[in-house]
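Rule-based calculations on the coordinates, nothing more; no lab input. Everything numeric here is computed off the predicted structure, so don't read it as measured data. Using ideal geometry, Cβ is built from the backbone for each residue, glycine included, and neighbour counts are taken over all protein chains shown.
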């Protein structure tokens, strides 16, 4: 049985719920993104940055991060409560997601004292936005084959960057990038030649090229480095340790390791949202939910969502339940959740019948075309942080101990 919350935590939960109700910003006259990967214009960005700053100033972000770097210095359970209440209240998302969930925890894990003091507070306050420079246009899911080069110029104590990165979410707004680059092309293996940088974006030779997605937004970018110079102290760890540090980033990105700053990073549509839409739909003059097939599929989605909630509770006790494969529960969660978001959105579109062909810019679209957009946007979740195929291989080989596939 889960341990009951103390009176102090119950009081804190009530305080958070009241604060969110009183301080959540009014809805703007433009659509809000459901994920930080969907922030497609400056109006959305500024609205969400203002909200993150307000949450941080109230003390509800980074609560478990060390106080000396700008965090709250409190037990993790306080931040967990804030996260839960934000999801319940469906507040706007935290825009600096890469900083809060990947860069920040990695800096706290591997960074120097100077790096922690320099970067952590501005991450929390959203003063400095972060992006990620891992994937490259020509190398698919093979992160170890990174070709972007970082060559040390000893005369100026700088690294010179040349190469390209792809899917740089918030690249246009970012001040810093967590960057994986090759410093030693002659290393004994491709992993040993990689290094990890906390690279500035506002230097000469860095060009950010927006990419239009199938959802018609510009949340992704390609970043081009052409003789871009960054200070040598941008290096995290030592040369050749990049792969090890990048793997730390991915454990945070995939939810295998805790330590993220908190806040909701996406507005997750759930099966109740689908049900509310379904109640207003008709087929052949009759309510759509009179169709026993649709009702059966909707019930399956309710069961799946309940299973996810129970699994999340089980993850809290993974070291006790499956000590030999505790990390596997987080890997499994990322895989299944991203695939089930596809199924939920696909069902929500399909149940609309002929209206399924309409999109967000059509005045007759059901729910403003929300679910058509969600269906297309779901691909980001099953690609980012490791594709579904890669994730299955990782679980098979590293969790279950199966031989590598041919």
### Query
Relative to the longest principal Cα axis of the chain, at what angle does helix 326-350 sit, 0 to 90 degrees, rounded to 10?
50 degrees
### Message
Between residue 283 and residue 318, what is 0.36 nm times their sequence separation minus the Cα-Cα distance? Round to one decimal in nm.
### Response
8.1 nm
### Query
Among 186, 157, 340, which comes first, second and so on when ranked by fewest other beta-carbon atoms within 10 Å?
186, 157, 340
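Ranked by Cβ crowding within 10 angstrom, fewest neighbours first, how are 152, 238 ordered? The partial results should precede the final answer.
Details: 152 15, 238 12.
Ordered by Cβ neighbours within 10 Å, fewest first: 238, 152.
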### Query
Among rounded, prolate and oblate, which fits the stretch 184-324 when a ≥ b ≥ c are the square roots of the eigenvalues of its C-alpha gyration tensor, a/c under 1.5 means rounded, and a/b larger than b/c means prolate?
oblate
### Task
May I ask you to derive the FRET efficiency for residue 118 and residue 270 from their Cβ-Cβ distance with R0 = 41 Å, giving the value to the nearest 0.05?
0.60
### Task
Please work out how much length the chain gains when fully extended from residue 151 to residue 244, using 0.36 nm per residue of separation minus the C-alpha to C-alpha distance, in nm with one decimal.
31.5 nm
### Query
Rounded, prolate or oblate: which fits the stretch 41-114, taking a ≥ b ≥ c as square roots of the Cα gyration tensor eigenvalues, rounded meaning a/c under 1.5, else prolate when a/b beats b/c?
oblate
### Query
Based on the Cα coordinates of the chain, what is the per residue volume of their convex hull in Å³?
168 Å³
### Summary
Final fewest-first order of 359, 60 on the 10 Å Cβ neighbour count is 359, 60
### Query
Taking Cα atoms of the stretch 131-241, Rg/Rh with Kirkwood Rh, to two decimals?
0.97
### Message
If you fit an axis through the alpha-carbon atoms of helix 7-23 and take the longest principal axis of the Cα set of the chain, what angle between them do you get, 0 to 90°, nearest 10?
### Response
80 degrees
## Note on the structure
In Å, the Kirkwood estimate of hydrodynamic radius for the stretch 268-399 over Cα pairs equals 16.4 Å
### Query
So what's the gap between the Cα centers of the stretch 357-404 and the stretch 71-134, to the nearest angstrom?
24 Å
### Summary
Longest principal axis of the chain (C-alpha) makes with the long axis of helix 370-381 (C-alpha) an angle, in degrees to the nearest 10, of 30 degrees
